[in-house]
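To keep things clear, I will list the structure first and then write my remarks on it.
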Amino acid sequence: MDNQEQRPFPPKPAGPPTVGVPQITSPAAAPPTPRMAPPAAPPGAVPDPSLLKRRRRASLLLKALFAVVLVGVVLALVWLANRLDTQPTAPAGDPGSGVVEISPTHPASPRALPQEGVTPQDYRLGDCFKDFDPAALRSTVVACDSPHSAQLVAVFRYPGNDLYPGREALAAKALEACHAAKLAPAAYDYALNFQRAYPSGTSWDSGDRRVDCFVTADAGNVINTSVLP
C-alpha cells in the first residue's frame with residue numbers, strides 16, 4: 001500500500017465508558033417509585049356496571065338511614081310532648097276551670113263587725129280589713145263604712161283536686177284576678193295599690209285553693225267606703 005500512514009491502535013480501555021451513561025446502582029439505593037393515580041377513564045367510556053350497582057346500593061342505604069333517623073326524631077318529639085303533658089307539676093284539673101269572682105253574689109261578711117282573728121280561708125269577696133297585712137294568718141274584718149286599709153276585690157278558687165301549680169303560676173293567677181277587678185268611682189278618691197295573696201305549698205296541702213286580690217292604702221286606715229260597684 002503506497003502513501004498510507006500506519007497508525008497504531010489505541011490502547012484497549014480498562015472498562016466500559018461511563019461518561020454520558022446513567023449509572024446503575026443497587027436496588028437498595030434506588031429512590032422509591034412514587035404512587036400514581038389510576039388513569040382516568042377516557043371520555044365517552046362506559047362505566048363499569050358493577051360500580052354503578054354499588055353506587056346505587058349505597059345511595060339507597062343512605063336514603064333508608066335518613067328516613068329511619070327522621071322517624072326516630074318525630075317519635076321522640078311526640079313522646080316528649082306527651083311526657084310534658086303528664087308531668088306531676090301540672091294541675092290535674094284545668095286551672096282555668098275556676099272563675100275569677102269580681103262581684104259579690106252575697107253581702108260581705110254577715111258577722112257582727114268588727115271581728116278579729118278571721119283566717120284567709122274565711123275571707124269573703126267585698127270584706128274590708130283594718131291594719132291589713134296580706135301575709136298575716138289572721139286579720140280584723142270591719143264594716144266598709146268605717147276606717148280600713150284594704151278591701152278584697154277579686155277571688156279565684158282552684159279546683160280541690162288540683163296539684164300545687166307552683167309559686168310563679170299562683171302569682172300570675174293573682175295578677176290576672178287583679179286585672180279583672182272592677183272598681184267603683186269611689187276608689188279614685190284614695191291612693192290605692194293592688195296586693196296579691198296566694199297559698200304556699202304548706203297551706204295548699206291543708207286545703208287552701210284560693211288566690212286573692214286586695215286594694216290597699218299605704219297611708220293606713222284611711223278608706224271609709226267600699227270601692228266595689
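The values are calculated or read from the model by the stated rules, or taken from the named source; none is laboratory data. If you're wondering where the values come from, they're calculated on a predicted model, not measured in any experiment. Counting neighbours? That spans all protein chains shown, and the Cβs are built from the backbone with ideal geometry, glycine included. What goes into the accessible areas is simple: the full protein's heavy atoms, side chains included, and nothing from ligands, DNA or RNA. Shrake-Rupley method; radii C 1.70, N 1.55, O 1.52, S 1.80 Å.
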Taking the range 174-199 and keeping only residues that are open to solvent by less than 90 Å² (accessible area, probe 1.4 Å) and aromatic (Phe, Trp, Tyr), one is left with Tyr190, Tyr198
In the range 124-151, residues that are open to solvent by less than 30 Å² (accessible area, probe 1.4 Å), farther than 22 Å from Ala186 by Cα and modelled with pLDDT of 95 or more total 1
In the set Ala154, Ala90, Ala81, Ala108, the lone residue that is surrounded by 14 or more Cβ atoms within 10 Å (Cβ to Cβ), at pLDDT below 75 and under 40 Å from the mean Cα position of the chain (by Cα) is Ala90
In the set Thr225, Thr202, the lone residue that is hydroxyl-bearing (Ser, Thr, Tyr), open to solvent by 30 Å² or more (accessible area, probe 1.4 Å) and modelled with pLDDT of 95 or more is Thr225
Here, strands (runs of 3 or more DSSP E) confined to the range 110-188 with at least 2 residues that are under 15 Å from Tyr198 (Cβ atoms) are 150-157
